[in-house]
1. Report the per residue volume, in Å³, of the convex hull enclosing the C-alpha atoms of segment 220-332.
2. Expressed as a whole number of Å, what is the distance separating the alpha-carbon centroids of segment 145-215 and segment 1-77?
3. With each run of n ≥ 4 DSSP H residues scored as -39500 (n - 2.57), what mean residue ellipticity at 222 nm is computed for the chain after dividing by its residue count and rounding to the nearest 500 deg cm²/dmol?
4. When only C-alpha pairs under 8 Å and at least 6 residues apart count, what is the relative contact order of segment 298-418, in percent?
5. Run the dipole for the chain about the Cα centre, Lys and Arg Cβ at +1, Asp and Glu Cβ at -1, nothing else charged, and hand back the magnitude in debye, nearest 20.
6. Of 190, 222, 7, which is farthest on the positive side of the dipole of the chain, counting Cα position, with +1 on Lys and Arg Cβ, -1 on Asp and Glu Cβ, and the Cα centre as origin?
7. What ratio of Cα Rg to 2.2 N^0.38 Å holds for segment 63-112?
8. Starting from the Kirkwood Rh over alpha-carbon pairs, what translational D in µm² s⁻¹ does segment 95-157 have by Stokes-Einstein at 10 °C and 1.306 mPa s?
Amino acid sequence: MNMEDRTSAALRIDGERLVARLAELAAIGAIENSGCCRLALSDDDRRGRDLVVGWMRELGLEVSIDPIGNVFGRRAGSAADAAPVMTGSHIDTVRTGGRYDGNLGVLGGLEVVATLNDAGITTRRPLVVAFFTDEEGARFAPDMLGSLTHVGGLALDQALATVAIDGKVLGAELTTIGYAGTAALGEPRAHAFVELHIEQGPVLNIEGLTIGAVENVQGISWQELEIVGQSNHAGTTPMRLRHDAGYCAGEIVHFVRSLAREMQGNQVATVGKIDLFPNLINVIAARATLTVDLRNTDEQLLLEAEARLAAFLLQLARDEGVKISTRSLARFEPVNFDQGVVRTIAEVSARLGYSQRRISSGAGHDAQMLARVCPTAMIFVPSIKGISHNPAEETAAADLAAGANVLLHTMLELASAE
Ligand code: GLV
Ligand code: MN
Ligand code: MN
């Protein structure tokens, strides 16, 4: 081991600085109980972006913004033309989000850069810290929209034409917040991608482990359903003569829950959003729109869940005399990460003395898109009680620092590769 290797082996990130940055970003769009609301391309998303871009510049990163608003901060390497090692995640949140989902991956990346800057270390390959537009998909479906566009999975004009749940068009909103960039789409193309993220589930917390080396991400199927029935008087209409869209929505909620229970294994199913029209106490609902989120680690089983839902909807429409139409909002197959990068994360964790296991991701992540174009994997840290997409989302400060240290040494290793 030469002198420089010894120095970098002893290198650790500054946990207090990381927590301070997380808190400063969380103050933008803060909601009650320490939560965050920075829906994609909202004014608070812009303010969060401005803060992070300011930090990137302070750290000496060269900032580029592509036409879908993905932001990349580049730190030069000694092999100037080599493809960079990239890390990053997202800073948009759901409407009732916490302060770690996505933000940890971006600010953990900045912490890696700050640590290398302080130590005066130049890696062989350049490093890039990125944040991708609209990972959550809560305002504009699909989720992971920015990273999907970056890897060529969604055409730019189609991405820009996406309509939000509030009726606004993505391209116009991107221009309004000043993040319709001009850098070439798809650039920079990474040599490898590593994303640090909270687990958002209970496994590491229950097992008392610090690090998850993420091997795969389950498949995601999002649909929007519209049920058209008939409004009528709630007091005068006999039950047998009703075409009640509200009742049908309730049946669907019940069906997907039973479906997941019956299928067992890794099948999960959620109706997270329902709108009724006219939504009045004494009027049978004429219309209902609702979303169904189905996920499974096995593509065949996910296809089976979709097929069983479709058959149920046909029967329900017949039985209740309503029309039911469906629209796909997102459909991504399960993704396996690169075993070499997973192994590097596990080896680095062991070397740093952190307890660990291999793990699966139940949530969607930008890394699953980057996996299409370069060797990719993720690092998870525990979520206390497995709570996420909730202001109560929490991770112990020591675990945040552990995750960032694993990110640092994984990036150092990947960036020294030929
Ligand atoms: C996105 O974060 C999702 O998993 O829903
Ligand atoms: Mn996330
Ligand atoms: Mn999320």
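1. With only Cα atoms used, segment 220-332 gives 88 Å³ per residue.
2. 15
3. After summing the helix terms and dividing by the residues of the chain, the value is -11500 deg cm²/dmol.
4. Dividing the mean separation by the residue count of segment 298-418 yields 22 percent.
5. Around 420 debye, computed over the chain.
6. The listed residue farthest towards the positive side: 222.
7. Values: Rg = 13.2 Å, N = 50, 2.2 N^0.38 = 9.7 Å.
Cα-based Rg divided by the globular estimate yields 1.36.
8. Numbers: Rh = 13.8 Å.
In µm²/s, the coefficient is 115.
Only the coordinates and a few stated rules stand behind these numbers; no lab work does. Bear in mind that the values here come from a model prediction, so they are computed numbers and not experimental data. Ideal geometry is used to build each Cβ from the backbone, glycine not excepted, and the neighbour counts take in all protein chains shown.
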